[in-house]
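The values are calculated or read from the model by the stated rules, or taken from the named source; none is laboratory data. Everything numeric here is computed off the predicted structure, so don't read it as measured data. When we count neighbours, we look across all protein chains shown, and the Cβ atoms used for this are built from the backbone with ideal geometry, even at glycine. SASA here: full protein model, heavy atoms, side chains in, ligands and nucleic acids out. Shrake-Rupley method; radii C 1.70, N 1.55, O 1.52, S 1.80 Å.
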There are 2 protein chains.
Amino acid sequence: MRSFVVALDVGGTSMKGALVDRVGTILHTERRATPRQHGPEAVVKTIRAFITHLTRLGDTLPTGHPGGDRRGPLRPKAGREHSGLAGVGLVVPGLVTPTTAVYAANLGWRDVPAEEFTSLDVPVMLGHDVRTGGLAESVLGAGRECTDFLFLPIGTGIAGAMIIDGEPYGGAAGWSGEIGHIPVLPDGETCACGQIGCLETYASAASVGRRYSLRAARPGTRAEQVVSLARSGDPVAVAVWNDAVEALSLALASYTLLLDPAVIVLGGGLAEAGSALSDPLRERLSKRLAFREAPPLNSAALGVNAGMLGAALLGWHAAGDPGIGGTWTVPLSLPPAP
Amino acid sequence: MRSFVVALDVGGTSMKGALVDRVGTILHTERRATPRQHGPEAVVKTIRAFITHLTRLGDTLPTGHPGGDRRGPLRPKAGREHSGLAGVGLVVPGLVTPTTAVYAANLGWRDVPAEEFTSLDVPVMLGHDVRTGGLAESVLGAGRECTDFLFLPIGTGIAGAMIIDGEPYGGAAGWSGEIGHIPVLPDGETCACGQIGCLETYASAASVGRRYSLRAARPGTRAEQVVSLARSGDPVAVAVWNDAVEALSLALASYTLLLDPAVIVLGGGLAEAGSALSDPLRERLSKRLAFREAPPLNSAALGVNAGMLGAALLGWHAAGDPGIGGTWTVPLSLPPAP
């Protein structure tokens, strides 16, 4: 029987599940809604059912599923005691340790132990959403060549994964990486979080869209539209985009001076702007630094799959194989998006 | 024969040497000028001679020197092969690895290997000045109770030692901890380093003195005078001190949000202001943070001896005893200042 892990990336609106074998083949992916509106326990129950479903499915897969070896025939559904399930990796938002989902404001969780998330007798490891994405970029992606870097996904919000000596760093109590809320413009605008001048209030994809929509009186304009409007010279879009790049350059200057990263890996929706983001950002970051070089700004390699691939690594960690991943050939073996 | 290490804290103007035994007794301290004006090689030669001198002296000390056991008689000077010297710990400014003084602008060093610093056949370990002070506070001082904290000595300049998982963290290339140069007020004053709005240009002891001297047209006013002028209501002093506290609160807010330290340990000359610094700083830092608590602000425990005590720990590391220090009772066993 082929052995595999269940990898689950739980977000506020949906959860991405996958089955991943020992050599990094993604055997199956599947998505379910996160029933947040039904309360914290309903989400836990859905996760439990999803893991059982994926496991049963994994045990019915042919051992010769595309990407793996093709020697075995189709196997019948196996009982739990004969399952190929080796471990579960679970990425969740909020404050988390490997064994407990300590606190998740948007899901209503407080101190949910890892074993609550499955009714199967299998080791489970939990991970923080952004930090597990950073783990995946570190082992499999854009941070493969170095041990100390920042993974900065810029999406609806902004949080960073700080990879230190090859491991995602959580801080004293698990609250590290809140680069989206450092006060880059201390006399600036009030952030949704209540603080003044946070990076996120200028530079998240949501903020870029919101600030343009407000100033140009064009409600609902999205960040990618602002980027192309700025490209074509729309002065409001240019100003909003400049503010975002300026705020990012200040945050990355502070990060660089404090932590001396080998590289900064940009990800998330806003990074899809490509050189429209990275070129001016690189230039401004260099200008902000007088006595040291700026680290290279690289693009994330794993895209939206970083969290799910990180969850697979956690699943294999849980199964007793923490060194796994070095020989995986992602993203080459990623199946087409469902 | 009593075994000991030579601990040397090399600064731009003077070097502090000490002999420290295995139980943390400081057997001897001595200071020499740093002959910076004679060039990089002269400084290395002086260090070499100083280490030999201190070693000879250590070998003539009675085994029953105050603070140690008192069983042995005075011993004659020992040949090198019979010396009690177990290791050398050397704290130097600039960019440094345990085995190489990579770059020190103010001493003119480039890639000086550790073994260059002594003609004796003994293991040598090098350390970065601020980070080794942080190591000492971590093992012996204000950070004894936690594994993740910031040691922030505020003196002529400002640099921080980031203790991560119990160890000083150097970054990808050894340039970490430059919190004095993060852009806290991005449209602010130009720093001596060439950047805009650095923490150091508002909040170092030198800057507090300089900014008051300039604004009040009272040249040469020192930071501690500014603190007492502010206490007595001098409006210029109040404004300058407020700027310093504001800049520090911004830098510590960024540090806290990024690194989630268990505690922030304030040291250096400016921390001698005591509650005149820590009370308003604590209040402003809390105000800057909306969704998390501020870490406690504590005072450094080892004062000006942090570097030298850290050098002693490095010396014992070099001697093959990296776990040393946990049972030392500093600063209680510190001899009176010479």
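DSSP finds beta bridges in the protein assembly as shown, and of those with both partners inside it, around 60 percent are antiparallel. What is the sum of charges, Lys and Arg at +1 and Asp and Glu at -1, for the other residues whose Cβ falls under 15 Å from the Cβ of B:Glu224? Taking every Cβ under 15 Å from that of B:Glu224, the sum is +3.
Taken per residue, the accessible surface of segment A:107-156 reaches 37 Å², heavy atoms only and a 1.4 Å probe. Shielding of peptide A:183-193 by partners, expressed as the average count of other chain Cβ atoms within 10 Å per residue Cβ, is 4.
Could you tell me the number of lysine pairs in the protein assembly as shown with C-alpha atoms less than 25 Å from each other, where the two lysines are 8 or more residues apart or belong to different chains? Don't skip to the end; give the middle numbers.
Values: A:Lys16/A:Lys45; A:Lys16/A:Lys77; A:Lys45/A:Lys77; B:Lys16/B:Lys45; B:Lys16/B:Lys77; B:Lys45/B:Lys77.
Value for the protein assembly as shown: 6.
Ignoring ligands, DNA and RNA, please state the percent of accessible area on segment A:226-332 from carbon and sulfur, probe 1.4 Å. Could the numbers behind the result be given before it?
Details: 2030 of 3880 Å².
That fraction is 52 percent.
Close amide H contacts of A:Tyr103 (hydrogens built in the peptide plane, cut-off under 5 Å, sequence separation of 5 or more or a different chain): A:Leu95, A:Asp111.
Return the average number of partner chain Cβ atoms within 10 angstrom of each residue Cβ along peptide A:249-257.
Numbers: counts 2, 6, 4, 0, 5, 12, 3, 5, 14.
Taking the mean over all residues of the peptide, I get 6.
Chains A and B together bury roughly 3200 Å² of accessible area, counting both sides, with a 1.4 Å probe on protein heavy atoms only. Between B:Arg144 and B:Thr13, how high is the FRET efficiency from 1/(1 + (r/R0)^6) when r is the Cβ-Cβ distance and R₀ = 35 Å? Nearest 0.05. The computed FRET efficiency comes out at 0.70.
Most tightly packed first, judged by the mean number of other beta-carbon atoms within 10 Å of their residues, the peptides B:281-289, B:307-315 read B:307-315, B:281-289. Take chain A, connect every pair of alpha-carbon atoms lying under 10 Å apart with a spring to form a Gaussian network, then pick out the residue of A:Leu85, A:Leu250, A:Leu259 with the largest mean-square fluctuation. Residue with maximal mean-square fluctuation among A:Leu85, A:Leu250, A:Leu259: A:Leu259. Note on segment A:147-299: antiparallel DSSP beta bridges, both residues inside, total approximately 50 percent of the bridges counted. If you wrap the Cα atoms of segment B:147-299 in a convex hull and average its projected area over all directions, you get 9.0 nm².
Placing pseudo-labels 7 Å out from each Cα toward the beta carbon at A:Asp111 and B:Thr156 gives an inter-label distance of 5.2 nm. The residues packed around A:Val43, meaning those with a beta-carbon under 12 Å from its beta-carbon, carry a net charge of +2 if Lys and Arg are +1 and Asp and Glu are -1. Our Cα-only numbers for the protein assembly as shown put the radius of gyration and Dmax at 28.2, 90 Å. Where both residues lie in chain A, what percent of DSSP beta bridges are antiparallel, nearest 5? Once the DSSP bridges in chain A are tallied, antiparallel ones form about 60 percent.
Shape summary: chain A maps onto an equivalent ellipsoid whose semi-axes, from the alpha-carbon gyration tensor, are 37, 21, 19 Å in decreasing order.
Before anything else, pin down the relative contact order of chain A: Cα pairs under 8 Å, at least 6 apart, normalised by residue count, whole percent.
Numbers: 726 pairs, mean separation 68.0, N = 338.
Computed over chain A, the figure is 20 percent.
For segment A:200-338, the per residue solvent-accessible surface stands at 41 Å², with DNA, RNA and ligands left out and a 1.4 Å probe.
Report the extension gain between A:Asp165 and A:Phe291 in nm, rounded to one decimal, defined as 0.36 nm multiplied by the number of residues separating them, less their alpha carbon distance.
Values: separation 126, 0.36 × 126 = 45.36 nm, distance 2.43 nm.
Value of the extension gain: 42.9 nm.
Rounded to the nearest 500, what is chain B's calculated 222 nm mean residue ellipticity when only DSSP H runs of at least 4 contribute -39500 (n - 2.57) each, over all residues?
On the way: 8 runs with 109 residues, N = 338.
So the calculated ellipticity at 222 nm is -10500 deg cm²/dmol.
Going from the isolated chain to the complete set of protein chains, segment A:145-173 loses at least 20 Å² of heavy-atom accessible area (1.4 Å probe) at A:Asp148, A:Met162, A:Ile164, A:Tyr169, A:Ala172. Using a 7 Å projection from Cα along Cα-to-Cβ, the label point at A:Gln37 is separated from the same position in the remaining copies by 8.0 nm, smallest value first. Computed from phi, the 3J(HN,Hα) profile of segment B:114-125 under the Karplus parametrisation 6.51, -1.76, 1.60 (θ = phi - 60°) reads 3, 5, 4, 7, 8, 9, 8, 8, 8, x, 10, 10 Hz, with x in place of Gly and Pro. Counting only whole DSSP H helices of chain B, the ones at least 20 Å long by C-alpha along their axis and with mean Kyte-Doolittle hydropathy no lower than -1.0 are B:40-60, B:235-259. Sequentially through segment B:159-165, phi angles give Karplus couplings (6.51, -1.76, 1.60; θ = phi - 60°) of 9, x, 9, 9, 9, 10, 6 Hz, Gly and Pro residues having no value and appearing as x. Shielding value for A:219-231 is 0, the average number of Cβ atoms from other chains within 10 Å of each residue's Cβ. In this assembly of identical copies, the label point of A:Ser228 (Cα plus 7 Å along Cα-to-Cβ) is separated from its counterparts by 6.8 nm, sorted shortest first.
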